Amino acid sequence: MSASDERCAGAAGYAPHPYVGGRTAVLRALAAWRMRWPGAPRVIVLTGSPGSGRSRLLTGFLMMCDPDGRRQLPLDQMDPATVPPDLPAPAVPDPRGRTAAQLLWLLADHFRLDATRGEDICTELAAREEPVTIVVPDVDRAGPVRAADEPARVVREVLTPLATTGGVQLLADVPRALAAELAQALPPGQARIIDLDDPEWADPAGLVRHAETALALGAGVPELPFATDPSARRTLAEAMAQHAGGSRLTLQLAVQSLFMRPEGFDPADPAMLPGSVGEALDLHARRLGADPLTLRLLLAPLAFAEGEGLPVQLWGPLVDAVAGRDMSRDLADGMLLAAPFLQPVATAERDGADGGEPDASQGGEEADGTADGGRTLLRLMHPGIGEEIRAGLPDVRGAQTRIAMALLEAVPEQDWSRADPYVRDHLAAHTLDAGLLPQLLTDPGLFAHADPVAMRAAIEAVPLEQLGAPARTYLRIAPLLTRTQAPAAVRAAFLESAFVEDGLAPYAQALHGLGFALPWRTLWSVPLTGVRAVTAGSLPPPDAEDAAEAAAAPDGMSAASSHPVAALFVPEGTPGSHPVPDADGAAAETGAADMDGATGALLVHDLLRPGYVDADPARLRRPSEEARATASFGFSRGADSLRIWARASREVVATLLSDTPITGADLSPDGVLVVATGRGVTARQILAAPPAAAPTVPGQRTGSPDSAASDGLEGDH
């Protein structure tokens, strides 16, 4: 199978693929791979330069692998060797904008695997009785942060394990720099690299057909005789294809430039035909009487844009920032100049950053990435244009630095709740590329408001030794934030506790001043491992008379005289601990008898503030059952989660998720939650106001109603 197959297919009279328009040799190789033809490799690595048509080729092939897509294609007119057998559609996880971990969990969801860890996914796939077929397109577009080099992580952490897993048939579209690395992970004969720029897979006839089809779209323009006259169109298409060097993108840009300004175009002049993406940009500018540098400066912010694209209102300020001067007139006059290279993107409404309930689902990170909701964004029509523009800038880091500074200035009074979603979600990516990210990672408000998937990816790209303490704390709980897809207020609550746990109380306090309705205030945290249980109680005053008074109080805890404490059940020998009271002594009163009857010791800690209390655990008094029953809140506990609910309404007022198993929990009648995990013990004062009890439904009178039933209590259900 080689380029000579293109000529053979044409001579046999087969119709080309209506979407691909050629590439017979590659389609034959892919069809043989799909049907597991003897001698066909188990893994195919598809690669090529930006604009070589990899995505279009793979889309066209997948049309023939999908039962619905096959019915829309003239398969009986096409070369039979290019048509794969009618089999169930392969798994096609989309890596665009996603991390390597998210891509793995997409596969786990598709195959309904029971894995709870990413490293178990390939193991479960290998254990399946039937082999699986996986196609991964557009690996070069992986990751929420361009500068974090997520495509390399996808190749090393997802594709290579899949390729080396028996029973997995893999086809992946990867950048050329990573193609050899993936193929070399397999024994000889199991993998094949198909490089669309290699003469073996060249498709000159398909390139001419591509140009002809693009030119035919301008048949309604009377100024374009070479678009309406088939003979002239064919001649121009052949000339364009000859100059384009095999690049579909170069051809497309040349045609779009021609349609934008047909005046003065001479199809017989080779100087009018670009040979690369860069030449297409420069020729278009000159034909419109503009400086090519001006065009590149106008497009530069879009070449650096993250996510789905750049909001229109930020384009102008960022053009000024990159150029280092006022470009407003150039931008106003340059819409026709930039138009062939732009693509508007309509986005859906954003619902993740500042509202909604946290999703505590397990099984990995959520696949959803960043969304800039309810507006139109702008982006370059192809990533290859961005690569060309960035490569032509003399100081990429300097340009990114100026972009980052302009984005910071766009935050109203440095209030991240009022910042444009693009700024708060993608500022970290721009500062990463500028080498300034560690300096940015000191603002608790940004941590809470920024999209956690993009923020995590950016921080993980920085060497750990360059990160300050707040950034390390964020990185520690980032898996919890990305897994839950929690809204900003819940992220702020998780961060508040994490800062206290890591000894960064001022950062926790700052979150309380940013307008969040936090469900709790973290009072203290101790990094104590091995805690098996906790209980909230009190110590009576040392004076015997006062002690008797406290013991006689209805709830066993006199607020006026008792000292609220938390008792921590720890291993014997823990410094500062005391033996558990004997069962025949005060154990029943202290609650020690409830701690599994195992050997151990007790540490007593102040309930409301940091600091241990040197006290005999035998003096500890727990709240009475009556006090607990009349408290405002109750709680229910899972393996790594805990819910606080109002007793009157049974409404959940706070949800706590932990990145380590919960080993003990208790809630005082005053609403102080003490939780022990594998990391330590933390106390939180519940701040949520308990909802009012549900109203009592009045008794219904008998007899005929005076009017139609209302949409009251029954209608709400």
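Among the residues making up the stretch 613-639, those that are in a loop (DSSP other than H, G, I, E, B) and in contact (Cβ under 8 Å) with a residue 24 or more places away in the chain are Val613, Asp614, Ala615, Asp616, Leu620, Arg622, Pro623, Ser624, Thr630, Ala631, Ser632, Gly638. Only one residue in Thr522, Thr529 is open to solvent by 10 Å² or more (accessible area, probe 1.4 Å), more than 19 Å from Arg637 (Cβ to Cβ) and of a type in the set (Val, Ile, Thr), so which one is that? Testing whether each residue is open to solvent by 10 Å² or more (accessible area, probe 1.4 Å), more than 19 Å from Arg637 (Cβ to Cβ) and of a type in the set (Val, Ile, Thr) leaves just Thr529.
Screening Gln72, Gln169, Gln77 for residues that are of a type in the set (S, T, N, Q) and either closer than 24 Å to Ile459 by Cβ or free of Cβ contacts under 8 Å to residues at least 12 places away in the same chain (or both) leaves exactly one candidate, Gln72.
Beta carbons closer than 6 Å, at least 6 apart along the sequence or on distinct chains, pair a first residue in the stretch 387-398 that is touching a residue at least 24 places away in the same chain (Cβ under 8 Å) with a second that is of a type in the set (A, V, I, L, M, F, W, C) for Glu388/Val277; Ile389/Leu299; Ile389/Ala300; Ile389/Ala303; Arg390/Ala303; Arg390/Val396; Leu393/Ala399; Arg397/Ala434. Condition check: among the hydrophobic types (A, V, I, L, M, F, W, C), more than 23 Å from Thr484 (Cβ to Cβ) and open to solvent by less than 10 Å² (accessible area, probe 1.4 Å). Does Val396 satisfy that? In short, no. Counting only helices (runs of 4 or more DSSP H) that sit completely within the stretch 152-217, those holding 1 or more residues that are touching a Gly at 6+ places or on another chain (Cβ under 8 Å), open to solvent by less than 60 Å² (accessible area, probe 1.4 Å) and modelled with pLDDT of 90 or more correspond to 204-216.
Remark: pairs (first residue in the stretch 403-423, under 16 Å from Gly515 (Cα atoms); second residue open to solvent by 10 Å² or more (accessible area, probe 1.4 Å) and aliphatic (A, V, I, L, M); Cβ separation under 9 Å; 6+ apart in sequence or on different chains) = Gln414/Leu408; Asp415/Leu514; Trp416/Leu514; Ser417/Leu514; Ala419/Ala410.
Give the residue, chosen from Asp120, Asp114, Asp109, that is out of contact with any Cys (no Cβ under 6 Å at 6 or more places or on another chain), assigned to a helix (DSSP H, G or I), farther than 30 Å from Val423 by Cα and open to solvent by 50 Å² or more (accessible area, probe 1.4 Å). So that I can check it myself, show each step before the final result.
Numbers: Asp120 fails: open to solvent by 50 Å² or more (accessible area, probe 1.4 Å); Asp114 fails: assigned to a helix (DSSP H, G or I).
It is Asp109.
Test Thr59 against the criterion of being in contact (Cβ under 8 Å) with a residue 60 or more places away in the chain, polar (S, T, N, Q) and open to solvent by less than 40 Å² (accessible area, probe 1.4 Å), and give yes or no. Against the criterion (in contact (Cβ under 8 Å) with a residue 60 or more places away in the chain, polar (S, T, N, Q) and open to solvent by less than 40 Å² (accessible area, probe 1.4 Å)), Thr59 does not qualify.
Taken as a whole, the condition of being within 25 Å of Gln343 (Cα to Cα), open to solvent by less than 40 Å² (accessible area, probe 1.4 Å), without any contact (Cβ under 8 Å) to a residue 40 or more places away in the chain and hydrophobic (A, V, I, L, M, F, W, C) applies to Leu273. Of the residues making up the stretch 240-250, at least one is of a type in the set (Ser, Thr, Tyr) and not in a helix (DSSP H, G or I). Is it true that Gly51 is without any contact (Cβ under 8 Å) to a residue 12 or more places away in the chain and either touching a helix residue (DSSP H, G or I) at 6+ places or on another chain (Cβ under 7 Å) or part of a strand (DSSP E or B) (or both)? No; evaluated as a whole, the condition is false for this residue.
The values are calculated or read from the model by the stated rules, or taken from the named source; none is laboratory data. Predicted model only: the values in this text are computed from it and were never measured. All Cβ positions, even for glycine, are placed from backbone atoms using ideal geometry, and neighbour counts span all protein chains on display. Keep in mind that these areas ignore ligands, DNA and RNA; they rest on the heavy atoms of the full protein, side chains included. Shrake-Rupley method; radii C 1.70, N 1.55, O 1.52, S 1.80 Å.
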